[in-house]
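The values are calculated or read from the model by the stated rules, or taken from the named source; none is laboratory data. Note that the structure is a prediction, hence the values are computed from the model and not measured. Cβ placement follows ideal geometry from the backbone for every residue including glycine, while neighbour counts extend to all protein chains displayed. Note: accessible area is taken over every heavy atom of the protein model, side chains too, but ligands, DNA and RNA are not part of it. Shrake-Rupley method; radii C 1.70, N 1.55, O 1.52, S 1.80 Å.
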Amino acid sequence: MTRLYMSEQHIKLPEGSIEKVTSTLNLGPTHPATHGVMQNILELTGERIVSADQTIGYIHRAFEKIAERRPLAQITTLTDRLNYCSSPLNNMGWHMTCEKLLGVQTPKRVDYLRVIMMELARIADHLICNSIMGVDAGAYTGFLYVMQFRELIYEIYEEVCGARLTTNMGRIGGFERNFTDQAFQKLEKFLAEYPRALKEFENMFQRNRIFMDRTMGVGGISAERALNYGFTGPNLRAAGVDYDVRVHSPYASYQDFNFTIPVGTTGDCYDRWLVREQEMWQSLSILEQAYQKIQSFKGTEAEIYHADIPAYYLPEKKEVYTKMEALIFHFKIIMGETDIPVGEVYHSVEAGNGELGFYLVSDGGRSPYRLHFRRPCFIYYQSFEELVKGSMLSDAIMTMSSLNLIAGEMDA
Amino acid sequence: MSAMVDSYGLLEITAPRELNLKVLNFLYDNPTLQFQFLTDLTGVHYPSKKGNELAVVYHLHSLKENLRVRFKVFAPLEQPEVYTATGLFSAANWMERETYDFFGILFLGHPNLKRILNVEQMDYFPLRKEFPLEDQTRIDKDDEMFGRGGTLKQID
């Protein structure tokens, strides 16, 4: 009997055998459980996974090449589309990379405003990941419920930069405008309403027998293997390594804040969920602290929302119309004709998924000579086969969603 | 071998490409250094550096001492071969595949050196500098959908 397979290369025959004994399952590229465009070719005996072969690159958009033509300010839009669940984190990371290259010192108020936006983005990111884990385990309600609170975060984004998903937030040196009173009111509303919802969400899942059975002991990894695989972020911390870029190489004045790094022990899906959950509580605490610090700025100090770097920060429109220098800088920035200094910088931020790094090589032209994104997702997804080998098919789904794989970040 | 501190405070080591594994091994095993975390691995193409056109750049992190280091090796375009770091770091597997995919750098000893983000049929290495991005002001291309130059047909 002849059988039809997807293609020649997907047939994996055991050594010395002429008949295929395992079955091939194509999980993805457009499967509801992959939550993004990526493919897994699984070899199964019954429901047990023998091997997994990941294929990525379905939404590769050549950002690194495109960036070689663009002036620094225009690359921010590219970073939006890496991890689109937490765009502000990527935006701020990119701005800080540029500032490092240009040698710009940002005022404290700018740092704290950035911390507010970054922690909101982290909550939005973790919220999605944790609630989607619930969806993949069969609990849709939690996801729908907490979406209301992501909406509150998106409303704050809207108030600050006008956009919701691909935010393109801020500029090199600070923000495009000062935060409005509405933005702070919305932040207050979020800080008041979210903890209760997060607690409810936790009550629903944390000691839920079905959820625990589906996630405990699934997709675990040891600390040594996780480090060797280049894990960062919540997935590394779930394995018990307390590495956090915010603490190890502080940026945006994170050293001014008190927070703890939650760590797990087994590195399995349940620990990843717990670590993300605890990080949301920590983010809430950082938000409270940052908001307090922001409120301590009075008078003209409360008007500061960007660093004084006329060559890179767009002047105000009314100055463009009345002042010669402002007009020149406006023109040069818009046309991207400002030459950047020669140098190489590596800067990283703690993004939703871990260490998001920017390696920027400049030869002194208007745009980077080479820009490389260190995408945490891309690096730890290669461990997937090791994580799921020998486990059940349904465990692969849980592992995938607990790793928070974002195709946009993976493929750049 | 040479080492210098760049203007942003990061130690940068350069070594001949034959020694890349030796240097990585030393940095990994040395009990006081312990650079055991591979943060990033990527390539850069410098067409003007004759004989050293392709650079492989490693960013290593010693979590014990919380130190970072940048390590570079250069390879000529005619023979773009360096040894793979997959034996030391599992993380290097896909990073090296990505670097191969975009720069054509061959990592000797790599278990599965094939393209990762681009299609396998591709016969060039797109991040090399001989492939400039399309000139945004070109007008010879007839592209009605995106309104770039050409003749935009009037809709009656």
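Sort out which residues of region A:188-213 are of a type in the set (Lys, Arg) and over 25 Å from the mean Cα position of the chain (by Cα), and write them in order of number.
Taking region A:188-213 first, the residues of a type in the set (Lys, Arg) are A:189, A:196, A:199, A:207, A:209.
Listed by number, the residues that qualify are A:Arg207, A:Arg209.
Tell me which helices (runs of 4 or more DSSP H) are completely within region A:42-155 and hold 3 or more residues being open to solvent by less than 10 Å² (accessible area, probe 1.4 Å) and not aromatic (Phe, Trp, Tyr), or say none if there are none.
Working: elements: A:63-67, A:72-80, A:87-102, A:108-136.
In region A:42-155, A:72-80, A:87-102, A:108-136 are the helices (runs of 4 or more DSSP H) which contain 3 or more residues that are open to solvent by less than 10 Å² (accessible area, probe 1.4 Å) and not aromatic (Phe, Trp, Tyr).
Which residues, taken from region A:226-269, are among the β-branched types (Val, Ile, Thr) and touching a residue at least 40 places away in the same chain (Cβ under 8 Å)? Walk me through it before giving the result.
Keep residues of region A:226-269 that are among the β-branched types (Val, Ile, Thr), which gives A:232, A:241, A:245, A:247, A:260-261, A:263, A:265-266.
Scanning region A:226-269 gives A:Thr232, A:Val245, A:Thr266.
Pairs, please: C-beta under 6 Å, at least 6 apart or cross-chain, first residue within 24 Å of A:Glu385 (Cβ to Cβ) and in region A:204-221, second open to solvent by 40 Å² or more (accessible area, probe 1.4 Å)?
From region A:204-221, the pairs are A:Gly220/A:Thr266.
From the set of residues in region B:51-104 that are of a type in the set (D, E, K, R) and in contact (Cβ under 8 Å) with a residue 60 or more places away in the chain, which is most open to solvent (accessible area, probe 1.4 Å)? Break it down into steps so the answer makes sense when it comes.
Let us first name the residues in region B:51-104 that are of a type in the set (D, E, K, R), namely B:53, B:64-65, B:68, B:70, B:72, B:78, B:81, B:96-98, B:101.
Restricting the remaining residues to those that are in contact (Cβ under 8 Å) with a residue 60 or more places away in the chain gives B:70, B:72, B:81.
Values: B:Arg70: 1, B:Lys72: 9, B:Glu81: 55 Å².
Restricting to residues being of a type in the set (D, E, K, R) and in contact (Cβ under 8 Å) with a residue 60 or more places away in the chain, the top hit is B:Glu81.
Take the residues in region A:307-320 that are open to solvent by 90 Å² or more (accessible area, probe 1.4 Å) and either assigned to a helix (DSSP H, G or I) or out of contact with any helix residue (DSSP H, G or I) (no Cβ under 8 Å at 6 or more places or on another chain) (or both); name whichever of them is nearest to the other protein chains (Cβ to nearest Cβ). Break it down stepwise before answering.
Residues of region A:307-320 open to solvent by 90 Å² or more (accessible area, probe 1.4 Å): A:308, A:316-318.
From what is left, the residues that are either assigned to a helix (DSSP H, G or I) or out of contact with any helix residue (DSSP H, G or I) (no Cβ under 8 Å at 6 or more places or on another chain) (or both) are A:308, A:317-318.
Details: A:Asp308: 21, A:Lys317: 26, A:Lys318: 31 Å.
Ranking the candidates gives A:Asp308 first.
Looking at region A:177-198, I want the residues that are farther than 30 Å from A:Val275 by Cβ and have a partner that is open to solvent by 80 Å² or more (accessible area, probe 1.4 Å) with Cβ atoms under 7 Å, at least 6 apart or on another chain. Which pairs are those?
From region A:177-198, the pairs are A:Asn178/A:Glu303.
Looking at A:Arg207 and the list (1) open to solvent by 50 Å² or more (accessible area, probe 1.4 Å); (2) in contact with a helix residue (DSSP H, G or I) (Cβ under 9 Å, 6 or more places away or on another chain), which single condition is not satisfied?
(2)
Hey, among the residues in region A:240-269 that are in contact with an Asp or Glu (Cβ under 9 Å, 6 or more places away or on another chain) and under 15 Å from A:Thr215 (Cβ atoms), which one's most open to solvent (accessible area, probe 1.4 Å)?
Top of the filtered list is A:Thr265.
For region A:270-288, state whether one or more residues are surrounded by 14 or more Cβ atoms within 10 Å (Cβ to Cβ) and under 24 Å from A:Arg366 (Cα atoms).
Scanning region A:270-288, I find no residue that is surrounded by 14 or more Cβ atoms within 10 Å (Cβ to Cβ) and under 24 Å from A:Arg366 (Cα atoms), so the answer is no.
Among all residue pairs at least 6 apart or on different chains, which show Cβ distances below 6 Å where the first residue, located in region B:20-39, is in contact (Cβ under 8 Å) with a residue 40 or more places away in the chain and the second is polar (S, T, N, Q) and surrounded by 14 or more Cβ atoms within 10 Å (Cβ to Cβ)?
Pairs found: B:Tyr28/B:Gln36.
Of all residues in region B:94-109, count the ones that are within 13 Å of another protein chain (Cβ to nearest Cβ) and not hydroxyl-bearing (Ser, Thr, Tyr). So that I can check it myself, show each step before the final result.
Start the filter on region B:94-109 by keeping residues that are within 13 Å of another protein chain (Cβ to nearest Cβ), which leaves B:94-99, B:101-103.
Remaining after also requiring not hydroxyl-bearing (Ser, Thr, Tyr): B:94-98, B:101-103.
So the answer is 8.
How many residues does region A:215-253 hold that are more than 14 Å from chain B (Cβ to nearest Cβ) and under 21 Å from B:Lys64 (Cβ atoms)?
Narrowing region A:215-253 to residues more than 14 Å from chain B (Cβ to nearest Cβ): A:215-220, A:234, A:238, A:252-253.
Then drop every residue that is not under 21 Å from B:Lys64 (Cβ atoms), which leaves A:238.
Total satisfying the criteria: 1.
Specify the residue that is surrounded by the most Cβ atoms within 10 Å (Cβ to Cβ); the eligible residues are those in region B:105-115 that are in contact with a Gly (Cβ under 9 Å, 6 or more places away or on another chain) and within 23 Å of B:Tyr46 (Cα to Cα).
Here is the first cut: in region B:105-115, the residues in contact with a Gly (Cβ under 9 Å, 6 or more places away or on another chain) are B:105, B:109, B:115.
Filter once more, keeping what is within 23 Å of B:Tyr46 (Cα to Cα): B:105, B:115.
Working: B:Ile105: 24, B:Arg115: 16.
Out of the qualifying residues, it is B:Ile105.
Which residues, counting only those in region A:374-398, are open to solvent by less than 10 Å² (accessible area, probe 1.4 Å) and touching a Ser or Thr at 6+ places or on another chain (Cβ under 8 Å)? Talk me through it step by step, then tell me what you get.
Narrowing region A:374-398 to residues open to solvent by less than 10 Å² (accessible area, probe 1.4 Å): A:374-381, A:383-384, A:388, A:396, A:398.
The answer is A:Arg374, A:Pro376, A:Ile379, A:Tyr380, A:Ser383, A:Phe384, A:Val388, A:Met398.
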